[in-house]
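Engineer: Quick one: this structure, given as structure tokens, is what I'll be asking you about.
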Amino acid sequence: MTLPLLEPQLPFYDDELAQGYLARTGQFHTGASLSQFRGYWDIGVKDIRDGTEDFVQALSALSGVEAEHIRYNTLVAKPDGNFTLRGEIFNRPFVRRGSVTVCLECLADDHAKAGWNPGSLRFRWQWLLRPFVCCALHQSQLVEFRRVDSIDLFDIEQLLALNDIEPGDVATPGDKSPGLLQQYVSRRFSATDKCEDWLGTQTVSGVVKASEMLGALLADGPTAPIKEYGPSDWARVGDIGFKTYSAGTDTILREFKRLCTDSGRSSGRAGPQAAYGYFFRWLKKRNMVDGMEPLRSILRTAIVENFALDAGEVVLGETLPARRMHSANSLASATGISKSRISMLMRKAGMLPATAKGASLNRWAFPADAAEKVIARTQEAVSLRQVRKILGCSVTQAERLAHSGLISPIIPVTEGQHGIRAGGYVKEELEQFLANICNNCGGIDDEVEGYLSLWGVTCGRSSTEQILEFQLKGEFRHTKLLKGVSRIDHLRFNKDEVKAVLEELDPDFTISAGEVIRILGVQTYTPRRLASPEHGGPWLHEVDQTEYRQRKGKLRFSRIEFQKFQERYIKAAAIGRLLGISHVEVKKLMADSGILPIADPVWMGAWFYERKDLLRLIDNLDETAFPISELKSAAREWPNR
């Protein structure tokens, strides 16, 4: 049948659904319902419902509107069960079937603009999509109508008549603004240029469903009563979930990790089912073409990275080829080491938080490879005291090497150098370190003039770690080994060679007594007292004037040694500034705690205390009056002036 062009032509709006436009055309030209009007022109019910090409061509012929424009705003049912509208693909649950929602205020505006003539009520395409629960223009809740015959839902005027409703006569219930998810769907259907970002690569129905299910998990937990949710509940959780889902993979993984550590029974025996509940079961049942693969992949990653799963276990349809994570229990079973020792080692290694103790240990997982390496190295570890025997150095020198990173404990050193003593060191690595230092050194049978031990060349000049680092780099070519023994205490360095290297590095690596006075804010005689052997000194060593003639007659110190002094000692006045009290109160507080200055303050000309004693004092302060943790952190580097 050749269809005529109906005059006068009825305008077709961009926010209008093509099926609704056909119903409006029938009301405008004939006053008939959609069911009657489509019969006049032999347009099939299935063609209207499914938005076929025959429907598009028939409506274009009757209305005079270009077929491309009508096709763009037509709800089309595809053979695979999906739908398309305005360039977007979505699944069946995304579309309202058997019901439709409308904004009565929008319809009242339509009637008023058209002078209340038939065919004025436009069916907005948003009203057929489930995420739309309110009108963005009027900030009002949409009203739902139900009909058994699906094409009758497109006929707005008939729907209102059957329900005895006149637009404008019925107040729309409740003021409501569109949420984040509805705003996103509206932008996506309204956009002419489709964005290929994280969300743009997924179907709109997939984004909506993923946001809703994720939001239910975040808002109501793993036992969320999703079967009891109504439209307002889905809108609420959809907005919550969309905020996280739209942020991308990293944000979603952080939330999954939080849920994992927050879940579990008192025994700590909790798997993905306990952490993610219905959400895990739902994704486990979905097939691979439902648009949920991005979310399923993220949850799979979260499970693999947060649960101690054996190799070969199937996680959301994929087999785990190798173990990625261990728990304290699984690692204890694999190594035969007690769970308490495992947890202690993992806490020191920073793989478990300090709070992971007792029954809740199994809530936490840590990387399997890193944990197994720590355990393997621990089996042959030696303490810091044994390090000095292996290397042939003092305990202080061993600590300096560990502080500088030239030797590394098994347990990584944390802030504040915690772990230097307790970490444990691999004997083979220590022996290799010693070999690297001594391999190119010649031998001498007895002490030789012009050659000094490690302590001799560092005292007042440099540091243990700096000298040995130069030795490793090959800067010292004339270093000898006393009696050919490969030990640090048998190293003999050429004094002139060391001096030349240090002066080239920093021509002025010394500091004058005047600068010390200015920096510390002390009496003019205090630097000389710090270098004196009296009263338990010296605390600083004077630079040898015979080696540095340009400084002859002046008291000078090594800048490196002065820096070490400041790291170890602190003045009473500086403590007062740290604690917010006077230096007099500091002295009384120290005396009451049994802490004495390093020497007679009258003789020294200043009140100096060891920083370790200050930390001990802070530990005993009233927590309600002082921020203990902040003070301890600041005390380690608090300046003397």
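Engineer: Kindly provide the set of residues from region 335-355 that are over 20 Å from the mean Cα position of the chain (by Cα) and in contact (Cβ under 8 Å) with a residue 24 or more places away in the chain, ordered by number.
Structural biologist: If the condition is that a residue be over 20 Å from the mean Cα position of the chain (by Cα) and in contact (Cβ under 8 Å) with a residue 24 or more places away in the chain, then T335, I337, I342, L345, M346, K348 are the ones that fit.
Engineer: From the list F132, F123, pick out the single residue that is of a type in the set (F, W, Y), farther than 13 Å from Q19 by Cβ and touching a strand residue (DSSP E or B) at 6+ places or on another chain (Cβ under 8 Å).
Structural biologist: It is F132.
Engineer: Right, here's the next one. All but one of (1) part of a loop (DSSP other than H, G, I, E, B); (2) at pLDDT 90 or above; (3) surrounded by 20 or more Cβ atoms within 10 Å (Cβ to Cβ) hold for F256; state the number of the condition that does not hold.
Structural biologist: That leaves (1) as the condition not met.
Engineer: Out of all the residues in region 290-349, which are assigned to a helix (DSSP H, G or I), hydroxyl-bearing (S, T, Y), open to solvent by less than 70 Å² (accessible area, probe 1.4 Å) and not assigned by TED's automatic domain parsing to the domain that holds G248? So that I can check it myself, show each step before the final result.
Structural biologist: Going through region 290-349, the residues assigned to a helix (DSSP H, G or I) turn out to be 293-306, 328-335, 339-348.
Add one more test, that the residue is hydroxyl-bearing (S, T, Y), and what stays is 297, 301, 330, 333, 335, 340, 343.
Narrowing further to those that are open to solvent by less than 70 Å² (accessible area, probe 1.4 Å): 297, 301, 330, 335, 343.
S330, T335, S343 - these are the residues of region 290-349 that are assigned to a helix (DSSP H, G or I), hydroxyl-bearing (S, T, Y), open to solvent by less than 70 Å² (accessible area, probe 1.4 Å) and not assigned by TED's automatic domain parsing to the domain that holds G248.
Engineer: Just to verify a result, which residue in region 175-213, among those that are over 20 Å from D233 (Cα atoms) and of a type in the set (D, E), is modelled with the highest pLDDT?
Structural biologist: Per the stated criteria, the residue is D197.
Engineer: Right, next: Looking at L468, L482, which is the one that is at pLDDT 90 or above, within 21 Å of Q563 (Cα to Cα) and open to solvent by less than 30 Å² (accessible area, probe 1.4 Å)?
Structural biologist: The match here is L468.
Engineer: Can I ask one more? Here are the criteria: (1) at pLDDT 95 or above; (2) among the hydroxyl-bearing types (S, T, Y); (3) open to solvent by 10 Å² or more (accessible area, probe 1.4 Å). Tell me which single one T261 does not satisfy.
Structural biologist: (1) is the only condition that T261 fails.
Engineer: While we're on this one: Of the numbered conditions (1) under 19 Å from V133 (Cα atoms); (2) in a helix (DSSP H, G or I); (3) among the basic types (K, R), R97 satisfies every one except a single condition; which is it?
Structural biologist: Failed condition: (2).
Engineer: Then there is this: Need pairs with beta-carbon distance below 6 Å; first residue in contact (Cβ under 8 Å) with a residue 12 or more places away in the chain and within region 589-606, second open to solvent by 40 Å² or more (accessible area, probe 1.4 Å) and not in a helix (DSSP H, G or I); sequence gap 6+ or separate chains.
Structural biologist: P597/W607; G605/Q523; G605/Y525
Engineer: Within the group A216, A224, which residue is open to solvent by less than 30 Å² (accessible area, probe 1.4 Å), aliphatic (A, V, I, L, M) and modelled with pLDDT of 95 or more?
Structural biologist: Every option except A216 fails the conditions.
Engineer: Please go through region 430-454 and pick out each residue that is surrounded by 15 or more Cβ atoms within 10 Å (Cβ to Cβ) and closer than 20 Å to I407 by Cβ.
Structural biologist: Answer for region 430-454, where residues must be surrounded by 15 or more Cβ atoms within 10 Å (Cβ to Cβ) and closer than 20 Å to I407 by Cβ: L430, F433, L434, I437, C438, C441, S453, L454.
Engineer: Follow-up question, since we're still on this one. Does L530 satisfy the condition of being in the same structural domain as K554 (by TED's automatic domain parsing), among the hydrophobic types (A, V, I, L, M, F, W, C) and at pLDDT 90 or above? Reasoning before the result, please.
Structural biologist: Numbers: in the same structural domain as K554 (by TED's automatic domain parsing): yes; among the hydrophobic types (A, V, I, L, M, F, W, C): yes; at pLDDT 90 or above: yes.
Yes: the conditions hold for L530.
Engineer: Filter region 264-276 for residues that are at pLDDT below 90 and part of a helix (DSSP H, G or I); which is surrounded by the fewest Cβ atoms within 10 Å (Cβ to Cβ)? First the steps, then the outcome.
Structural biologist: Initial filter on region 264-276 (at pLDDT below 90): 264-275.
Those left that are additionally part of a helix (DSSP H, G or I): 272-275.
On the way: P272: 25, Q273: 13, A274: 16, A275: 25.
That would be Q273.
Engineer: Can I ask one more? What are the pairs, 6+ residues apart or on separate chains, where a residue within region 623-641 that is over 13 Å from I575 (Cβ atoms) has its Cβ under 7 Å from a residue that is outside any helix (DSSP H, G or I) and at pLDDT 80 or above?
Structural biologist: Cβ pairs passing all conditions: I628/L621.
Engineer: Given the conditions (1) open to solvent by 10 Å² or more (accessible area, probe 1.4 Å); (2) at pLDDT below 80, which single one is not true for S394?
Structural biologist: Condition (2) is where S394 drops out.
Engineer: If I go through region 128-150 residue by residue, how many of them are at pLDDT 85 or above and within 20 Å of P93 (Cα to Cα)?
Structural biologist: Result for region 128-150: 12.
Engineer: Could we say that R616 is free of Cβ contacts under 8 Å to residues at least 60 places away in the same chain, open to solvent by 20 Å² or more (accessible area, probe 1.4 Å) and under 30 Å from G450 (Cα atoms) here?
Structural biologist: Numbers: free of Cβ contacts under 8 Å to residues at least 60 places away in the same chain: yes; open to solvent by 20 Å² or more (accessible area, probe 1.4 Å): yes; under 30 Å from G450 (Cα atoms): no.
Answer is no for this residue.
The values are calculated or read from the model by the stated rules, or taken from the named source; none is laboratory data. A quick note: this is a predicted structure, and the numbers were derived from the prediction, not measured. Here Cβ is always computed from backbone atoms with ideal geometry, including for glycine, and neighbour counts include all displayed protein chains. The accessibility values were calculated without ligands, DNA or RNA, using every heavy atom of the protein model including side chains. Shrake-Rupley method; radii C 1.70, N 1.55, O 1.52, S 1.80 Å.
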